1. Sort out which residues of the stretch 4-25 are in a helix (DSSP H, G or I) and open to solvent by less than 40 Å² (accessible area, probe 1.4 Å), and write them in order of number.
2. Find all pairs meeting these conditions: Cβ atoms under 9 angstrom apart; at least six residues apart or on different chains; first residue within the stretch 74-85 and hydroxyl-bearing (Ser, Thr, Tyr); second residue buried (at least 17 other Cβ atoms within 10 Å of the Cβ).
3. Take residue 126 and tell me if it is without any contact (Cβ under 8 Å) to a residue 24 or more places away in the chain and among the small types (Gly, Ala, Ser).
4. Of all residues in the stretch 76-95, count the ones that are more than 19 Å from residue 58 (Cβ to Cβ), in contact with a strand residue (DSSP E or B) (Cβ under 6 Å, 6 or more places away or on another chain) and part of a loop (DSSP other than H, G, I, E, B).
5. Kindly list the number of the only condition in (1) part of a strand (DSSP E or B); (2) farther than 23 Å from residue 142 by Cβ; (3) open to solvent by 20 Å² or more (accessible area, probe 1.4 Å) that fails for residue 98.
6. What are the residues in the stretch 110-129 that are assigned to a helix (DSSP H, G or I) and either β-branched (Val, Ile, Thr) or open to solvent by 60 Å² or more (accessible area, probe 1.4 Å) (or both), if any?
7. Go through the residues of the stretch 70-80 one by one and say whether even a single one is modelled with pLDDT of 95 or more, among the polar types (S, T, N, Q) and more than 18 Å from residue 111 (Cα to Cα).
8. Looking only at the stretch 59-95, filter to residues that are on the phi > 0 side of the Ramachandran plot and not hydrophobic (A, V, I, L, M, F, W, C); which one of those is least open to solvent (accessible area, probe 1.4 Å)?
Amino acid sequence: MLKIREVVLEDLPDLYDLYMNHLTKSPKAPQDEPQDIFKWTDLLVKLIVDPDYHLLVGEIDSKTVSSVTLIIIRNLTHNLRPYALIENVVTHENHRNNGYASALIDYAEKIAKDNKCYKIMLMTGSKKESTLRFYEKCGFNKNDKTGFIKWI
């Protein structure tokens, strides 16, 4: 059974593997160079203590097999209600199609609701119909807003 929780420093090796080897990357995005895993440690510590940054992991048999990032963004509009951003939805290729990413997104949505967010935004670099249908099945729609990106 999938155990969902916030990331801890001990998840770093599995998280590194997920991001470097299993995350679908946009062909136009600047690609990650293979990195020294130890350079991630300082940043991960900062993310763990940030109350608005939720790096969620799904664990099976003590191994991190899926992850979703939820960021709460404070806001001066919408009666000062924040909004949320979901990024880096990834599941290890050997564990896909088991509902893990959906479960993590549901968990992220609960955090967003608990923080009184009025919306959750998500962008994907994937053009695969199956991926787009997956996000629609999770309750996201591609019709209400138009997304733009500028690579820098």
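The values are calculated or read from the model by the stated rules, or taken from the named source; none is laboratory data. Model, not experiment: these values are computed from the prediction. Here Cβ is always computed from backbone atoms with ideal geometry, including for glycine, and neighbour counts include all displayed protein chains. Only protein heavy atoms, including side chains, enter the accessible area calculation; ligands, DNA and RNA are left aside. Shrake-Rupley method; radii C 1.70, N 1.55, O 1.52, S 1.80 Å.
1. Of the stretch 4-25, the ones in a helix (DSSP H, G or I) are 9-21.
Within the stretch 4-25, 11, 12, 14, 15, 18, 19 meet the criteria.
2. From residues that are hydroxyl-bearing (Ser, Thr, Tyr), the pairs are 83/72; 83/112; 83/117; 83/120.
3. Working: without any contact (Cβ under 8 Å) to a residue 24 or more places away in the chain: no; among the small types (Gly, Ala, Ser): yes.
Spelling it out, it is not the case that residue 126 is without any contact (Cβ under 8 Å) to a residue 24 or more places away in the chain and among the small types (Gly, Ala, Ser).
4. So the count comes out to 1.
5. (1)
6. 110, 111, 113, 114, 129
7. Initial filter on the stretch 70-80 (modelled with pLDDT of 95 or more): 70-80.
Filter once more, so that each one left must be among the polar types (S, T, N, Q): 75, 77, 79.
From what is left, the residues that are more than 18 Å from residue 111 (Cα to Cα) are 77, 79.
Checked against the condition, which is being modelled with pLDDT of 95 or more, among the polar types (S, T, N, Q) and more than 18 Å from residue 111 (Cα to Cα), the stretch 70-80 yields at least one hit.
8. Of all residues in the stretch 59-95, those on the phi > 0 side of the Ramachandran plot come to 61-62, 78-80, 88.
Filter again for not hydrophobic (A, V, I, L, M, F, W, C), leaving 61-62, 78-79, 88.
Numbers: 61: 146, 62: 100, 78: 98, 79: 147, 88: 46 Å².
Selected residue: 88.
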